[in-house]
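Please read the structure below before turning to the comments.
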Amino acid sequence: MRTNFGTGQPDLFGSGPNAATLANSGDRAAEFSLFAQGEDLAPAAAAVRFMETLAIPEGPNAGKPVSLAPFQRKFIEGALAADIAAAVLSIGRGNGKSAITAGLGLGGLLGVWDHQPRREIVAAARTRDQGRIIWDFVAGFAASLPLDLQRRLIYRRAPRLEIEFEGDGGGHVLRVIAADGKSALGGAPTMAILDERGHWALDRGDELEHALVSGLGKRSGRAFLISTSASDDTHPFSRWIDDPAPGSYVQEHRPSPGLPADDRESLLIANPGAPHGIGGSINWLEAQAQRAIARGGSSLTSFRLYNRNERISGESRDMLITPDEWQHCETDTLPPRQGSVIIGIDLGGSASMTAAAFYWPETGRLECLGTFPSVPSLLDRGQADGVAGRYVEMHDRGELTVLGDKTVPVAPWLAEVMRHVEGEHVSAITMDRYKQAELSEALNRAGIRAPWIWRGQGFRDGGEDAERFRRAAFDGQVKARPSLLLRSAFADTVCLRDPANNIKIAKARSTGRIDAAAAAVLAVAQGARIAAQPQTKARMAWL
């Protein structure tokens, strides 16, 4: 992602004395001659020394020598340490990620620390245009090399973006490829740059990553994975950070979740370049945060994902409720179970979850439980659904249970649901009419005596229920304990609109499990209808 050069302050790598007249000086040529001779320097030391001989290629500080910020120097030293095969950098947008790796790519092409013959550097990005950003940075940095080195560089823009270096035996090349795994098969790169890895398409992105990493092993190459945070903990880029493989170096600049978007200290955590003139200033970031808060919705979500480097869904479609909006409903101190309770039920099949939500309209208390059959196991099911160990974590937190073999037995499950609110007055059980026959039989078999409310999930009933749920949540009438089950469900719940602008809820992704959200919508909407009914006074007559 292109670094912001428009702040009017030292940018990209900071500032230093003007180097426009030094680009081809004898001292500079002498430094490069040391690299060409293979001076006995550790790779990290050679890389740092090399990058600080380059000049900033564009922006208001063009021509000034690179001055590495502390976090950039730390990443280079960690990434090029001995026995490191993959280096991961997660940081907010505009902090010089692409520029750092472009400088390392140029150093790898010239053989600053790696003197293998016929070196191959691959810069992979989601699209060719995205990859061109790194190519442009490499070309810009190369313009500050001594003239004898510049003459040995050949630039190609078609049919593929490439830079070839004819010195040091020749045959060295840096090429840009898009996120199509087949384009990397059979290669043997000495360095691979995976730009914005957290935002590649899952299927093709994984294919390309596997092709590159397996190719690097042929020549003891290094991979550099750089990106803002992925949208959730289950993305492959998140797993690189949370569960690093042996031989990995990880540097993540991510603040704690749940903080205000304009919190100054956490903005500096995600944007460590701001104090050094890299990207936007802290005042600019605070102004952008306040504007995102005022706009809300996808603007706030995008700011948290890209500028605060938080793991949050960047879903731009109409969400039922955004993560920020749902956080306002979470509380560590739940209101009491007071008054009657309404139970919302979403019955699943063998693959989907079965969920029940419990809502007390008088106090706004919301509880939710999910259930899966025992086959396959929660861990295997999580791998198939693309959420890794999230289901296991939900089970450990007491939010998810296992019942039955390959399907959840409805009548025993309903008995467990009623046991959860034993002693409470159940004013209604609201359910999807799609499985009315099956649920009716199970309710009778379980001996449950409570009013049954059947609702559709289309644009008519579903639209009303979704809007009533939103209104209750925005008005502070929904209070729930922090729940991974509900957070995951609402993160995967979007709204579809018909030509008349009516809405109904749907999955954001095919393997998303929104059953808990659907059950919560049913329960809260029915609670809102009951609360809206006028209270009639009982009349008594003596006979």
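Here are some residues: Val112, Val122. Which one is assigned to a loop (DSSP other than H, G, I, E, B) and either touching an Asp or Glu at 6+ places or on another chain (Cβ under 7 Å) or in contact (Cβ under 8 Å) with a residue 60 or more places away in the chain (or both)? Let's see the steps before the verdict.
Numbers: Val122 fails: assigned to a loop (DSSP other than H, G, I, E, B).
Answer to the selection: Val112.
Name the residue, out of Ala287, Ala270, Ala261, Ala294, that is under 20 Å from the mean Cα position of the chain (by Cα) and farther than 30 Å from Ala79 by Cβ. Break it down stepwise before answering.
Details: Ala287 fails: under 20 Å from the mean Cα position of the chain (by Cα); Ala270 fails: farther than 30 Å from Ala79 by Cβ; Ala294 fails: under 20 Å from the mean Cα position of the chain (by Cα).
None of the other options fit; the residue is Ala261.
Residue-by-condition table, conditions (1) surrounded by fewer than 19 Cβ atoms within 10 Å (Cβ to Cβ); (2) under 25 Å from Arg49 (Cβ atoms):
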| site | (1), (2) |
| --- | --- |
| Pro117 | yes, yes |
| Trp135 | no, yes |
| Val138 | no, yes |
| Val176 | no, no |
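Regarding Val375, is this residue buried (at least 20 other Cβ atoms within 10 Å of the Cβ), part of a loop (DSSP other than H, G, I, E, B) and not small (Gly, Ala, Ser)?
Numbers: buried (at least 20 other Cβ atoms within 10 Å of the Cβ): no; part of a loop (DSSP other than H, G, I, E, B): yes; not small (Gly, Ala, Ser): yes.
In short, no.
So is Asp195 in contact (Cβ under 8 Å) with a residue 12 or more places away in the chain and out of contact with any Lys or Arg (no Cβ under 9 Å at 6 or more places or on another chain) or not? Let's see the steps before the verdict.
Working: in contact (Cβ under 8 Å) with a residue 12 or more places away in the chain: yes; out of contact with any Lys or Arg (no Cβ under 9 Å at 6 or more places or on another chain): no.
So Asp195 does not fit the description; no.
Say whether the condition of being modelled with pLDDT of 95 or more and surrounded by fewer than 23 Cβ atoms within 10 Å (Cβ to Cβ) is met by at least one residue in segment 345-358.
yes
Any idea how many residues of segment 95-109 are touching an Asp or Glu at 6+ places or on another chain (Cβ under 9 Å) and β-branched (Val, Ile, Thr)? Let's see the steps before the verdict.
Going residue by residue through segment 95-109, those that are touching an Asp or Glu at 6+ places or on another chain (Cβ under 9 Å) are 96-98, 101-102, 107-109.
In the following step, the residues that additionally are β-branched (Val, Ile, Thr) were identified as 101.
The number of residues fulfilling the criteria is 1.
Restricting to helices (runs of 4 or more DSSP H) lying wholly in segment 429-508: which have 1 or more residues that are under 29 Å from the mean Cα position of the chain (by Cα)?
Details: elements: 436-446, 461-474, 484-491.
Correct list: 461-474, 484-491.
Considering each of Ala42, Ala55, Ala69 in turn, give the residue that is touching a His at 6+ places or on another chain (Cβ under 7 Å) and small (Gly, Ala, Ser).
The match here is Ala69.
A quick yes/no check of all residues on (1) assigned by TED's automatic domain parsing to the domain that holds Asn61; (2) at pLDDT below 85:
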{"residue": "Ala230", "(1), (2)": "yes, no"}
{"residue": "Gly297", "(1), (2)": "no, yes"}
{"residue": "Met319", "(1), (2)": "no, yes"}
{"residue": "Leu334", "(1), (2)": "no, no"}
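Out of the residues in segment 334-372 that are assigned to a loop (DSSP other than H, G, I, E, B) and hydrophobic (A, V, I, L, M, F, W, C), which is farthest from Leu486 (Cα to Cα)? Show your work before the answer.
Kept after step one, since they are assigned to a loop (DSSP other than H, G, I, E, B), are these residues of segment 334-372: 334-340, 347-353, 361-364.
Within this subset, residues satisfying the condition of being hydrophobic (A, V, I, L, M, F, W, C) are 334, 347, 351, 353.
Working: Leu334: 15, Leu347: 16, Ala351: 18, Met353: 13 Å.
My answer is Ala351.
Give the residue that is nearest to His235 (Cα to Cα), with candidates limited to residues of segment 378-410 that are in contact with a Leu (Cβ under 9 Å, 6 or more places away or on another chain) and in a helix (DSSP H, G or I).
First, pick out the residues of segment 378-410 that are in contact with a Leu (Cβ under 9 Å, 6 or more places away or on another chain): 378, 386, 388-395, 397-402, 408-410.
Restricting the remaining residues to those that are in a helix (DSSP H, G or I) gives 378, 390-395, 410.
Details: Leu378: 18, Arg390: 12, Tyr391: 15, Val392: 17, Glu393: 16, Met394: 18, His395: 21, Val410: 33 Å.
Ranking the qualifying residues of segment 378-410, first place goes to Arg390.
A quick yes/no check of all residues on (1) at pLDDT 95 or above; (2) surrounded by fewer than 15 Cβ atoms within 10 Å (Cβ to Cβ); (3) over 30 Å from Pro376 (Cβ atoms):
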position: Glu393; (1), (2), (3): no, no, no
position: Lys406; (1), (2), (3): no, yes, no
position: Leu443; (1), (2), (3): no, no, no
position: Phe469; (1), (2), (3): yes, no, yes
position: Ala489; (1), (2), (3): no, no, no
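Residues are listed down the side, and each one gets a yes or a no for (1) in the same structural domain as Val392 (by TED's automatic domain parsing); (2) under 28 Å from Arg119 (Cα atoms); (3) out of contact with any strand residue (DSSP E or B) (no Cβ under 6 Å at 6 or more places or on another chain); (4) not hydrophobic (A, V, I, L, M, F, W, C):
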site: Ala188; (1), (2), (3), (4): no, yes, yes, no
site: Leu194; (1), (2), (3), (4): no, yes, no, no
site: Gly217; (1), (2), (3), (4): no, yes, yes, yes
site: Ser220; (1), (2), (3), (4): no, yes, yes, yes
site: Leu267; (1), (2), (3), (4): no, no, yes, no
site: Gly277; (1), (2), (3), (4): no, no, no, yes
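Within segment 150-160, is there a residue that is touching a residue at least 60 places away in the same chain (Cβ under 8 Å), assigned by TED's automatic domain parsing to the domain that holds Glu196 and of a type in the set (A, V, I, L, M)?
To start, the set of residues in segment 150-160 that are touching a residue at least 60 places away in the same chain (Cβ under 8 Å) comprises none.
No: zero hits.
For segment 89-103: of the residues being hydrophobic (A, V, I, L, M, F, W, C) and at pLDDT 95 or above, which is surrounded by the most Cβ atoms within 10 Å (Cβ to Cβ)? If you could, list the steps in order and put the result at the bottom.
Restricting attention to segment 89-103, the residues satisfying the condition of being hydrophobic (A, V, I, L, M, F, W, C) are 89, 91, 99-100, 102.
Within this subset, residues satisfying the condition of being at pLDDT 95 or above are 89, 91.
Details: Leu89: 25, Ile91: 27.
Ranking the qualifying residues of segment 89-103, first place goes to Ile91.
Quick one: which of Arg433, Arg460 is in contact (Cβ under 8 Å) with a residue 40 or more places away in the chain, of a type outside the set (Val, Ile, Thr) and surrounded by fewer than 17 Cβ atoms within 10 Å (Cβ to Cβ)? Full working, then the answer.
Working: Arg433 fails: in contact (Cβ under 8 Å) with a residue 40 or more places away in the chain.
Criteria check complete, one pass: Arg460.
If you go through segment 250-264 one residue at a time, do you hit one that is more than 21 Å from Gly205 (Cβ to Cβ), modelled with pLDDT of 85 or more, of a type in the set (Asp, Glu) and not assigned by TED's automatic domain parsing to the domain that holds Ser67?
Checking segment 250-264: at least one residue is more than 21 Å from Gly205 (Cβ to Cβ), modelled with pLDDT of 85 or more, of a type in the set (Asp, Glu) and not assigned by TED's automatic domain parsing to the domain that holds Ser67.
Mind checking which residues of segment 376-409 are under 23 Å from the mean Cα position of the chain (by Cα) and on the phi > 0 side of the Ramachandran plot?
Within segment 376-409, Gly386, Ala388 meet the criteria.
Give me the pairs, please: first residue somewhere in segment 201-219 and closer than 14 Å to Ala123 by Cα, second residue anywhere and basic (Lys, Arg), beta-carbon distance under 9 Å, and either six or more positions apart or on two chains.
Gly205/Arg126; Gly205/Arg197; Leu208/Lys182; Glu209/Arg197; Ala211/Lys182; Leu216/Arg222
Yes/no per residue for (1) closer than 18 Å to Leu212 by Cβ; (2) of a type in the set (Val, Ile, Thr); (3) out of contact with any strand residue (DSSP E or B) (no Cβ under 6 Å at 6 or more places or on another chain):
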position	(1), (2), (3)
Gln72	no, no, yes
Ala82	no, no, yes
Ser90	no, no, no
Gln116	yes, no, yes
Val122	yes, yes, no
Ala125	yes, no, no
Glu164	no, no, no
Gly167	no, no, yes
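With a cut-off of at least 3 residues that are buried (at least 20 other Cβ atoms within 10 Å of the Cβ), name the strands (runs of 3 or more DSSP E) lying wholly within segment 185-253. Give the derivation first.
Values: elements: 191-195, 222-227, 248-252.
Where strands (runs of 3 or more DSSP E) fall fully within segment 185-253 and carry at least 3 residues being buried (at least 20 other Cβ atoms within 10 Å of the Cβ), they are 191-195, 222-227.
The values are calculated or read from the model by the stated rules, or taken from the named source; none is laboratory data. The structure presented is a predicted model; accordingly, all values stated were derived computationally and were not measured. Every residue, glycine as well, gets a Cβ built from its backbone with ideal geometry; the counts of neighbours run over all protein chains shown.
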